[in-house]
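What follows is a short report on a single structure.
The values are calculated or read from the model by the stated rules, or taken from the named source; none is laboratory data. In this text, all values refer to a predicted model and were calculated from it rather than measured experimentally. As a convention, Cβ positions derive from the backbone with ideal geometry for all residues, glycine included, and neighbour counts pool all protein chains shown.
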Amino acid sequence: MDLKELNKTLKNFGELVVLKSKENLKSQGKGGGPLIDSITYDIDEKDGNIQWSLLMQYYGEFVDKGVKGKDPSKVSSNAQKTGQQAPNSPYKFGSGTYSGTWKSFVRSVAAWAQIKNIRLRQYTYKDGIKKSTGKFAKGNYETIGQVIAKNIFNRGIKPSFFYTKPFNAAWEKLPDEFFNSYAVELEQQLINKINGS
């Protein structure tokens, strides 16, 4: 496979991964923000070497691979959802692998909740069964941000694999000639990149 053909193959590969990654974000309800607009790829040629990269906002890694919660046991058993969301993620809240201050995290969650028009509801218990009163609970979006942020921090963020799945699928579709020419070194580099090692 000559250099021109290799470039064409990598370009098609990149376009497919980007397209499917964006489609996945949209279908998962994560479209419309800076992340989806930032997804692109780059082919860099230098000294006879070619490097293919998938580029996006830094937090795309957290969306794709998820983030382990700090302590799921701290989530109230009355919450609608409990338990660890990303047990196999390389990232974890409160470990330094997921950076950011608590205040900025809460502000981000509050802003997201406002965009999504999320409101807290009042609940009551009758015969041990939790039921909604049909009324909104008191509290502004800062309060909502605190409640949701605490839940996310302790339970984590579920992985979406929005780019991992299309990358692996596109990889399987690469022509045999590509692998025969570049397989060993390039495959290992790309697999290491996609697995975050």
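Take the residues in region 108-153 that are of a type in the set (A, V, I, L, M) and in contact with a strand residue (DSSP E or B) (Cβ under 8 Å, 6 or more places away or on another chain), then tell me which one is modelled with the lowest pLDDT.
137
Just for region 146-163: of the residues that are closer than 24 Å to residue 22 by Cα and of a type in the set (Gly, Ala, Ser), which one is surrounded by the most Cβ atoms within 10 Å (Cβ to Cβ)?
Result: 156.
What are the pairs with Cβ atoms under 6 angstrom where one residue, in region 26-47, is in contact (Cβ under 8 Å) with a residue 40 or more places away in the chain and the other, located anywhere, is of a type in the set (Val, Ile, Thr)? Sequence gap at least six, or different chains.
Listed by first residue and then by second, the contacts come to 39/18.
Residue-by-condition table, conditions (1) among the aromatic types (Phe, Trp, Tyr); (2) in contact with a Leu (Cβ under 8 Å, 6 or more places away or on another chain); (3) modelled with pLDDT of 95 or more:
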position: 7; (1), (2), (3): no, no, no
position: 19; (1), (2), (3): no, no, yes
position: 32; (1), (2), (3): no, no, no
position: 52; (1), (2), (3): yes, yes, no
position: 62; (1), (2), (3): yes, no, no
position: 75; (1), (2), (3): no, no, no
position: 85; (1), (2), (3): no, no, no
position: 96; (1), (2), (3): no, no, no
position: 106; (1), (2), (3): no, no, no
